[in-house]
């Protein structure tokens, strides 16, 4: 009986730290990532690609009337704080999904069925090898055109 409460508290703490679940969803022919309890973030990201059937792997942007393929796209998530995005979700062509927020929390996982609708994965915390900011590294990745 004495061990039940510490085990419960440890389980709650670990769930919060380890993140939650990412899932690729279709909303109005746009591909988004739904997050469920990833460092307190539950909801939908901004659109990261245009849906083609069930495929969301067309990570492109139009610059000066030229369509450029990208290795990843950053999408805003979880609203804004003082006019700044509260969190970002990086969607990589490889199916890896990386979450970052203003607190410096990071979580990632690899989608179980690539960049297809319904694909999901369970996020876990990670520390990048190099020090980077919490937000997107390039405005090109944020201003993706359909």
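For residue 122 and residue 57, FRET efficiency with R0 = 22 Å and r from the beta-carbon atoms, rounded to 0.05? Could the numbers behind the result be given before it?
Details: r = 21 Å, r/R0 = 0.96.
Efficiency for this residue pair is about 0.55.
For the peptides 117-125, 44-52, what is the packing order when you average, over each peptide's residues, the other Cβ atoms within 10 Å and list the highest mean first? Kindly include the intermediate steps, with their values, before the conclusion.
On the way: 117-125: 16.4, 44-52: 19.1.
The densest-packed peptide leads the list: 44-52, 117-125.
Could you list 108, 127, 32, 93 so that the one with the fewest beta carbons within 10 Å of its beta carbon is first and the one with the most is last? Display every interim value, and only then the final one.
Values: 108 21, 127 7, 32 25, 93 15.
Least to most surrounded, the residues fall as 127, 93, 108, 32.
Would you please give the FRET efficiency between residue 37 and residue 96, computed as 1/(1 + (r/R0)^6) with r the Cβ-Cβ distance and R0 = 22 Å, to the nearest 0.05?
0.70
Listing 111, 70, 129 from the residue with the fewest other Cβ atoms within 10 Å to the one with the most, what is the order?
Values: 111 22, 70 19, 129 6.
Least to most surrounded, the residues fall as 129, 70, 111.
Could you please rank 62, 21, 97, placing first whichever residue has the fewest other Cβ atoms within 10 Å of its Cβ?
Numbers: 62 12, 21 15, 97 29.
Starting with the residue having the fewest Cβ neighbours, the order is 62, 21, 97.
No value in this document is a laboratory result; all are computed from the given coordinates. Note that the structure is a prediction, hence the values are computed from the model and not measured. Cβ sites come from the backbone with ideal geometry, for glycine too, and all protein chains shown count toward neighbours.
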